[in-house]
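So that we are looking at the same thing, I have put the structure below in structure tokens.
Bear in mind these aren't lab numbers, they're just calculated from the coordinates by the rules spelled out. Small disclaimer: the values here were computed from a predicted structure and weren't measured. In this analysis, Cβ positions are derived from the backbone assuming ideal geometry, glycine residues included, and neighbour counts consider all displayed protein chains.
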Amino acid sequence: MSNIFYVYKHVDPFYNMVVYIGKGCHGRAWDVTRCRNEHKEHQSWMKELCTLGYTPDDWVEIVQKGMSEKEALDLEHELINTFGCPIYNRQSGEKQHQAKLTNAQAIEVYELAKGGVYLHREIADKYGISRTCVSMIASVKQWKAVLLPYIKELNEKRG
């Protein structure tokens, strides 16, 4: 019974974006009801999808199964690094202890970068961040937890 673990992804059905990577056994990947004290936003996201008519099968993808716990932990860690730490795998936005921006500033950087008026270098200098950081925000590879709800709200307003 030592190779009962698997690694799974939760993929947002709206954006086709990986939002969580985890390891588990039995029904962990599909369990919407399990108390996730450190991941309340993740649990809320799953419950909201259920209210919209989705089932866990719509967002759960098993990456690999039949693994020991150590193998699963190692693969989980590798995938988290590969995907740039999905939004529900850790604190994000201004809550993250190394954040150089507030949530509002990240949205401003996104808007300025998407507006095309300023060079990424100019935006970076204004906010005291790197050009790479500006590019990562503009492509929503960083600050996802802040930007995805913001973008979703913009899209809803536009109809």
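Assuming R0 = 30 Å, what is the FRET efficiency of ASP31 and ASP74, from their Cβ-Cβ distance, to the nearest 0.05?
Details: r = 23 Å, r/R0 = 0.76.
The pair ASP31/ASP74 has a calculated efficiency of 0.85.
Explain nothing, just compute: Karplus ³J(HN,Hα) = 6.51 cos²θ - 1.76 cosθ + 1.60, θ = phi - 60°, for every residue of region 14-29 in order, whole Hz, x for Gly and Pro.
7, 10, 6, 10, 5, 10, 7, 10, x, 10, x, 9, 6, x, 3, 5
Which value, in debye to the nearest 20, describes the size of the charge dipole of the chain about its Cα centre when Lys and Arg Cβ atoms bear +1, Asp and Glu Cβ atoms bear -1, and nothing else is charged? Display every interim value, and only then the final one.
Numbers: 21 positive and 20 negative charges, 54 e Å.
For the chain, the charge dipole is close to 260 debye.
Now for a separate question. Based solely on C-alpha atoms, express the radius of gyration and the Dmax of region 93-158 in angstrom.
Looking at region 93-158, its Cα Rg and Dmax stand at 11.4, 34 Å.
Also, I was wondering about something else. Taking 7 Å along the Cα-to-C-beta vector as the label spot, tell me the THR51-TYR118 distance in nanometres, rounded to one decimal.
In this crude label model, THR51 to TYR118 measures out at 3.6 nm.
Can I ask one more? Once you've got the Cα coordinates, tell me which of LYS70/LYS141; LYS40/LYS126; LYS114/LYS144; LYS65/LYS152 are over 22 Å apart. Before the final figure, lay out each step's value.
Details: LYS70/LYS141 28 Å; LYS40/LYS126 34 Å; LYS114/LYS144 15 Å; LYS65/LYS152 33 Å.
Exceeds cut-off: LYS70/LYS141; LYS40/LYS126; LYS65/LYS152.
Something else now. Once the Cα atoms of helix 103-115 and of the chain are each reduced to a long axis, what angle between those two axes, in degrees from 0 to 90 to the nearest 10, is obtained?
The angle comes out at about 70 degrees.
Express in whole angstrom the spacing between the alpha-carbon centres of region 98-123 and region 1-50.
That distance is 31 Å.
Continuing with the same structure: Using a 7 Å offset from the Cα along the Cα-to-Cβ direction at both ASP125 and ILE62, what is the distance between the two label points in nm, to one decimal?
5.5 nm
What angle, in degrees between 0 and 90 and rounded to the nearest 10, separates the Cα long axis of helix 40-51 from the longest principal axis of the Cα atoms of the chain?
The angle comes out at about 80 degrees.
Right, next: Quick one: compute the contact order of region 101-151, relative version, from alpha carbon pairs under 8 angstrom and 6+ residues apart, as a percent. Intermediate results must be reported in sequence, preceding the final value.
On the way: 42 pairs, mean separation 19.5, N = 51.
Across region 101-151, relative contact order equals 38 percent.
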